[in-house]
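Worksheet for the structure shown next.
The values are calculated or read from the model by the stated rules, or taken from the named source; none is laboratory data. These numbers come from a predicted model, not from an experiment. Neighbour counts run over all protein chains shown; Cβ positions are idealised from the backbone, glycine included.
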Amino acid sequence: MSTPLPIDVLPTWTRFNNVELDGIQVGQVEGKGLGFVADRDLTTDKGSPTLLKIPRDAVLSAEAVGDYAKVDLKFRQLLEGMGHETPRIAIMLYLMAHYRAPFDGGPGSHKGIASTPWTEYIRFLPRQIPTPTLWTEEERLLLRGTSLEKAVNAKLATLVSEFDHLREIGAGLPFWQSLLFGEDAITVKDWALVDAWYRSRCLELPNAGHSMVPCLDMANHSDAPNAYYEETADGEVVLMLRPESTASCGDEVTISYGAAKSAAEMLFSYGFIDRSTAKEEITLTLNPLASDPLAQAKVHVYGRSPLVRLTRTKGTAAVSWHCPFVYLMCVNEEDGLEFKLLQDNAGGRELRVFWQDEDVTSKIDNFESHVQTHDLHSVFQLRVVSVLQQLVEAQLEQTRSSPIPEQEHDASSRHAGGADYGRIVATLREMEHSLLEEAMASLAEQQAALLLEDDVRVYLGLTEDGPIETPSAQVTNEEPDFS
Ligand SMILES: C[S@@+](CC[C@H](N)C(=O)[O-])C[C@H]1O[C@@H](n2cnc3c(N)ncnc32)[C@H](O)[C@@H]1O
């Protein structure tokens, strides 16, 4: 295992690897770990100065991992064995290899894998990261009743199954076999750390795609950032002072991690919540109805976990929702829904879904638009609203019935790195609770409006004023996986 390097060695690493810092240094920042600090007054008087320049060949993208695999046979065998799944898996394997595998000792010695700038750089990365997948079991109890409770458990299960797959592949490759099964073997905890590095430090660059950029990944987030990064036409990555921004010597230089993430996603990916930039959003999982004979077929054609996203527009009380699955969930055979098992040209069989005799399998994400022209559209909407009301109500109930026990808050909420998990989760709870209450109010209004519609009244009349037949939702947050 590579041993950590003190951060004051970083300038040597940057010199050797052609990374240029100008006007900033990496240092400790209160409550955030390492970060960039201006080492002189910075202004944009003569245009935006470049504060950091990272050459293309130090950027760790899926393509760079592929290039490395061409020169390192041991790594190639592992990467190919894993099936080149995604940029995330490729980059994580690379990080894992550089974190845990021995390196070639120079010409003539082939004991380990080939070293790269990342061999040393990885030693600057923190070993303690406040993301919940690295919390202890006791600390994770703090998440009870929030949308992250089951999401984090689901993520941990995914990490275990990825790691099992890695061990299966490694078992057949002598070099990796000893690292994965020998003394002081790589563990699932190492895999979870590598995942947390990836999640909290990866950027999406316009050309290179998902990438880890050494040094730039020392930049912390702010709701009022004074810097931004970009990828140049040559594939270099640069950090620039924002136009009109200044930073006095000693000020922190920050970027924005984006305003598109909810509080839960921020905590999940980075281990902190910035109230002012977090999107007011909650993601819940909709379980299909146990009583619906078509439930399994619906989930099969939908092809993923049915999620509901509730979003409040900043500064307003209006909560909108997004859930492509819910209309499919709320119609049945009497309404014109049908499933057929069709044979394809290669002799395989495929389940297809038909609405009013039209094959809509490939347009399932847009199912609402298919039912819009139906005479009973308002009735379907009413069913949908009812399903969502029950889902939100049940989640609210979970939030209310899972307060953070004081003792737990005191005993386990303070992370060694300084992050107060109890306080962070309290913020998440409060934000989610308020959003769910607004969502309830919003859905009640929608229900009241629908109940005034003629079609709905006629429909209710036809059913002799009996209770509206609305499917009941079952609440879980089983699998939202934000990664
Ligand atoms: C890309 S890294 C930044 C460098 C990091 N501080 C370090 O010590 O290596 C992202 C991590 O920095 C920390 N961080 C960044 N911005 C923060 C903020 N505004 N408040 C608290 N922690 C922050 C979080 O731990 C996050 O997971």
Among the residues of region 194-212, are any more than 15 Å from the ligand (Cβ to nearest atom) and in a helix (DSSP H, G or I)?
no
Residue list for region 264-288, restricted to those being within 18 Å of the chain's Cα centre (by Cα), of a type in the set (G, A, S) and within 13 Å of the ligand (Cβ to nearest atom):
S269, G271, A278
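Could you count how many residues in region 144-168 are out of contact with any Leu (no Cβ under 8 Å at 6 or more places or on another chain), under 25 Å from I186 (Cβ atoms) and not charged (D, E, K, R)?
The total comes to 10.
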Flagged in region 224-261 as modelled with pLDDT under 95 and of a type in the set (D, E, K, R), in numbering order, are E244, K261
State whether one or more residues within region 6-23 are closer than 20 Å to H221 by Cα and part of a strand (DSSP E or B).
yes
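Residues checked against (1) out of contact with any Lys or Arg (no Cβ under 7 Å at 6 or more places or on another chain); (2) farther than 23 Å from E393 by Cβ:
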| site | (1), (2) |
| --- | --- |
| E280 | no, no |
| L286 | yes, no |
| A297 | yes, yes |
| Y302 | yes, yes |
| R309 | yes, no |
| R312 | yes, no |
| A317 | yes, no |
| W321 | no, no |
Every residue from region 216-228 that is more than 10 Å from the ligand (Cβ to nearest atom) and either surrounded by 20 or more Cβ atoms within 10 Å (Cβ to Cβ) or closer than 14 Å to D22 by Cα (or both):
N226, A227
So which helices (runs of 4 or more DSSP H) stay within region 250-336 end to end and still have 2 or more residues that are hydroxyl-bearing (S, T, Y) and surrounded by 16 or more Cβ atoms within 10 Å (Cβ to Cβ)?
263-270
State yes or no: is I89 in contact with a helix residue (DSSP H, G or I) (Cβ under 9 Å, 6 or more places away or on another chain), closer than 26 Å to I7 by Cβ and aliphatic (A, V, I, L, M)?
no
Restricting region 5-32 to residues that are among the charged types (D, E, K, R) and either exposed (fewer than 12 other Cβ atoms within 10 Å of the Cβ) or not assigned by TED's automatic domain parsing to the domain that holds M240 (or both), which is farthest from the ligand (Cβ to nearest atom)?
R15
Can you report the number of residues in region 122-145 which are within 16 Å of the chain's Cα centre (by Cα) and either among the hydroxyl-bearing types (S, T, Y) or away from the ligand (no atom under 13 Å from the Cβ) (or both)?
2
